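So the structure is just underneath, and the comments pick up after that.
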Amino acid sequence: MSALAHTAATVLAATDYTAAEAKGIAGASSAGFAYGLAAIGPGIGIGYLVGQAVQAMARQPESAGQVQTTMFLGIAFTEALALIGFVVFILLKFV
Amino acid sequence: MLGLQTLVGNLTNIALLASEGEGGGGVQFPPIENIVKWPALFGEGSFYAFNKIALISMIAMIVPALLFYFAGRKASLVPKKLQNIMEASLDFVEKQVIMPAIGPEGMRYLPMLVAMVFFIWIGNVFEVIPTSHMPANARMANPLMLAMTAWVMFIGVGVKHNGLGYFKSALFPPGVPKALYLLVTPIEFLSTFLIRPFSLAVRLFANMLAGHILLVTFSVLCITLWGFTPLVLVELLSFPMLVAFTGFEFMVAFLQAFIFALLTAVYIGGALHPEH
């Protein structure tokens, strides 16, 4: 985080940047942080979810099909947060 | 954190030094315009402008139609060859998508879900097909239209089977204390009618775009590092990664089509029986 603050302070202190350039620099330097932070929660969530699904399948192999479908559903819902983070990354970096 | 900064600074210096050895430049990533702006193959600027994405979408529409036409033209009781494959795909959608998400009465939605799976899957698979290397669903327009189809579909099914009571049961879930409706109803409205189609579209779009950018990154690394410099040793790492990710994206292409159809089925199932 201090790197982000450092970049922001440098950009703000320098007077020879136009507003658009300053926005570009700040956006590019915060894009990585935005995606990194957005990936933490879904990463933990998907790991826990798949771990529990594997456990369920190991305990009851006959219900593996149903567990798998439910697992994919859960992954899809959890993963959406990380993907919105990725879209935010693209927006910060390139738009 | 300060140590990290110094490390990053050192790495940047090393990378700059290394790139100067090849006459400057370093790793040149293609600009983002390459996946945002597509020149038209013909009819530039007019209503009939037709670019690569439109071509891939047309292929993704025509190929399944032809496959099902030829599979069903001389349908026999004991399926052979093509008919066998297509029946297996219908069976997959029935067993993996409809039965767990809707139940037996969901079989009437089989044509729509199968069409969705095939359109999304074939559009996605062009991500790893040489000479194309672009998934049609990495443009927001395609996932958005598909998500709006699903949105209209599940609201339509809900209204058809439950009348306007569908909105009542969706917005005012039973068994909640009266005062809490102030809190619950706006949340339910947002999550059911706005966030559902949005997340459905963004899930497909961002997955395919991320996969495309991932493959581009490793391809660019492989191309740039190729030469008589010590950096060519990195190729030993980056090229197997490119191959592995190509295989991974081939899997993701199908998984996203499956998940899109599964979520559509879940939403339709929820609209059919809003009490659950």
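Read-outs throughout are calculated quantities, based only on the coordinates presented, and are distinct from any laboratory measurement. None of the values given here were measured: they were computed from a predicted structure. Using ideal geometry, Cβ is built from the backbone for each residue, glycine included, and neighbour counts are taken over all protein chains shown.
Give the share of C-alpha pairs in each 5 angstrom bin for the stretch A:2-94, from 0 to the last occupied bin, in whole percents, shortest bins first.
Going out from 0 Å in 5 Å bins, the stretch A:2-94 shows 3, 13, 17, 14, 12, 9, 8, 7, 6, 5, 3, 2, 1, 0 percent.
Filter the DSSP H helices in chain A by two things, a Kyte-Doolittle mean of at least -0.5 and an axial alpha-carbon span of 24 angstrom or more, and list the hits by number. Write out the running numbers ahead of the final one.
On the way: long enough: A:19-59 (59 Å, 0.78); A:64-94 (43 Å, 1.63).
Counting only whole DSSP H runs, the qualifying helices are A:19-59, A:64-94.
What is the log10 of I(q)/I(0) for the protein assembly as shown, computed with the Debye formula using one identical point scatterer on each Cα and no solvent, at q = 0.06, 0.13 Å⁻¹?
Scattering profile of the protein assembly as shown, log10 relative to I(0): -0.31, -1.27.
Mind listing P(r) for the stretch B:181-276? All alpha-carbon pairs, 5 Å bins, whole percents.
Once binned at 5 Å, the Cα pair distances of the stretch B:181-276 give 2, 11, 15, 14, 12, 10, 9, 7, 6, 5, 4, 3, 1, 0.
Under 5 Å between amide hydrogens, which residues at least 5 positions from B:PHE50 or on another chain qualify, with H placed 1.01 Å from N in the peptide plane?
B:LEU41, B:PHE42
Points 7 angstrom from Cα along the Cβ direction at B:LEU164 and B:MET107: gap in nanometres?
3.5 nm
Calculate, in nm to one decimal, what B:ILE85 and B:GLU33 gain on full extension: separation in residues at 0.36 nm each, minus their alpha carbon distance.
Stretched fully, the B:ILE85-B:GLU33 segment lengthens by 14.8 nm.
Using only Cα atoms and rounding to the nearest 10 degrees, what angle (0 to 90) does helix B:235-272 make with the longest principal axis of chain B?
With rounding to tens, the tilt is 20 degrees.
In debye, nearest 20, what is the charge dipole magnitude of the protein assembly as shown about its Cα centre with +1 on Lys and Arg Cβ and -1 on Asp and Glu Cβ, if you could check?
Rounded to the nearest 20 debye, it is 1040 debye.
Give the Cα extents of the stretch B:83-197 along the principal axes, in whole Å, largest first.
Projected onto its principal axes, the Cα set of the stretch B:83-197 covers 59, 32, 19 Å.
Please list, by residue number, every one of the trypsin sites (Lys or Arg not before Pro) in the stretch B:51-131 that is coil in DSSP and has at most 15 other beta-carbon atoms within 10 Å.
The qualifying sites are B:LYS74, B:LYS80.
Quick one: check the C-alpha center-to-center distance for the stretch B:29-61 versus the stretch B:196-269, whole angstrom.
A separation of 20 Å, based on Cα centres.
Could you list, bin by bin from short to long, the percent of Cα-Cα pairs of chain B in 10 Å steps?
Histogram of Cα-Cα distances, whole percents per bin: 6, 21, 25, 21, 15, 9, 3, 0.
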